[in-house]
Ligand code: NAD
């Protein structure tokens, strides 16, 4: 089987191996593929592996030999899955691989907002401690989490993992989710959304991006929150109306916003959050520790191996 990997770089920038796929067929790996080169690069490959490179109806029409599409991600919105299904092509994703990593990053962002470890280390290295009149100094308020309340919107795998970490820091945990579970009840008190907004010192987003969740953090919802709330987003950028959040950051209603994801990625130069002194922004790295990427690789290889053995798994379109 000929296998083409259209945009392998973010999954494997060189610290992992493609050998799992190489055992299954003749593999060609591209770091990234622009839209106009997709058909040419697929060529006569029967298995197409993509992360964020779009596979449109036109691509499936131009490459009728495609038998299998494998995602290097959980999300598959870049693929016209219905067009694939009409041609009998399964689109197989990675349902979960990075729960611990995303939860860890969420707490890393929160701790940065509370302690500013990076900025304090930079200040020390710039000589500010050496010149300090006192034996210690701090450049930002330092915030203790114990006793504070974290409100988690979307209490699934990652939300619950974050809840467990927040509890370990001594926080009270509230959760909003349409599907409360027994496991969830052991970690958090389920509340309505407005109660969560009103009672939380920290609000963390872990729901998927749906029409019902797009813009869930906006002018009106921010108005319902405590003054000085901290907002964390390691889920999806469009959950936040960034213009509204920037206003609230600049007037101090929101103490800090820490986002691993933004509305358009890579971030656009005029994104309003870039200009806020109290935003902390990271380039969508929560998923990316090597351990998580290895897990993702293993599942992507196993998805294709299962397909070749006649047992399609993790198909999202059939
Ligand atoms: P999950 O499916 O286990 O949990 C999602 C939860 O959200 C579910 O419990 C669901 O009931 C709930 N939900 C659905 N609609 C909701 C609504 N309208 N309001 C509140 N809750 C709602 O998913 P997960 O594995 O925990 O992942 C959560 C999100 O994390 C993903 O959708 C993805 O956007 C994001 N993610 C980000 C990264 C990253 O690198 N930053 C990596 C992986 C996942």
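Where a number appears in this text, it was derived from the coordinates with a stated rule and is not lab data. Note that the structure is predicted; figures quoted are calculated from it, not measured. Reconstructed Cβ throughout: ideal geometry from the backbone, glycine too, with neighbour counts over all protein chains shown.
Quick notes on this one:
- In the chain, Cα pairs under 8 Å separated by at least six residues give a relative contact order of 16 percent.
- Legend: Rg and Dmax of the range 168-249, from Cα coordinates, 12.8, 38 Å.
- Each Cα pair under 8 Å and six or more residues apart adds its sequence gap; the mean of these over the residue count of the range 70-209 is a relative contact order of 22 percent.
- Relative contact order for the range 218-292, counting Cα pairs under 8 Å that sit 6 or more residues apart, in percent: 32
- Part-to-part distance (alpha-carbon centres) for the range 264-280 and the range 164-183, which is given in Å: 29
- Potential lengthening between residue 167 and residue 67 on full extension [0.36 nm per residue; Cα-Cα distance subtracted]: 31.3 nm
- If the chain linking residue 31 and residue 142 were pulled fully straight, counting 0.36 nm for each residue of separation and taking away their Cα-Cα distance, it would gain 35.8 nm.
- An ellipsoid equivalent to the chain, defined through the eigenvalues of its Cα gyration tensor, has semi-axes of 40, 23, 19 Å when rounded to whole angstrom and sorted largest first.
- For the range 60-141: span of alpha carbons on each principal axis (Å, largest first): 73, 24, 15
- Compared with the rule-of-thumb size 2.2 N^0.38 Å for a compact globular protein, the range 55-214 has a Cα radius of gyration ratio of 1.47.
- Debye equation applied to the C-alpha atoms of the range 245-312, log10 I(q)/I(0) at 0.17, 0.19, 0.24, 0.26 Å⁻¹: -0.70, -0.77, -0.98, -1.06
- Burial ranking of peptide ranges 176-183, 288-295 (average Cβ count within 10 Å, highest at the top): 288-295, 176-183
- Summarising the label geometry, the points placed 7 Å from Cα in the beta-carbon direction at residue 121 and residue 192 lie 4.5 nm from one another.
- Averaged over residues, the count of other Cβ atoms within 10 Å places the peptides 277-287, 197-207 in the sequence 197-207, 277-287, highest first.
- Against the main long axis of the alpha-carbon atoms of the chain, helix 157-168 sits at an angle near 30°.
- Quarter of the Cα convex hull surface for the range 172-214, i.e. its orientation-mean projected area (nm²): 3.3
- With Cα atoms as the point set, the radius of gyration and Dmax of the range 1-105 evaluate to 13.7, 43 Å.
- Residue exposure proxy: 318, 150, 1, 105, ordered by other Cβ atoms within 10 angstrom of their Cβ from fewest to most, comes out as 318, 1, 105, 150.
- Debye-sum result for the range 150-290 in log10 I(q)/I(0), which assumes one identical scatterer on each alpha carbon, at q = 0.12, 0.15, 0.18, 0.21 Å⁻¹: -0.44, -0.70, -1.01, -1.35
- Debye log10 I(q)/I(0) for the range 278-317, one point scatterer per Cα, at q = 0.17, 0.18, 0.29, 0.34 Å⁻¹: -0.60, -0.63, -0.93, -1.04
- Among beta bridges from DSSP that stay inside the chain, the antiparallel ones total about 5%.
- The long axis of helix 290-308 is offset from the longest Cα principal axis of the chain by roughly 30 degrees.
- Nearest-ten-degree value, helix 99-115 long axis tilted from longest Cα axis of the chain: 30
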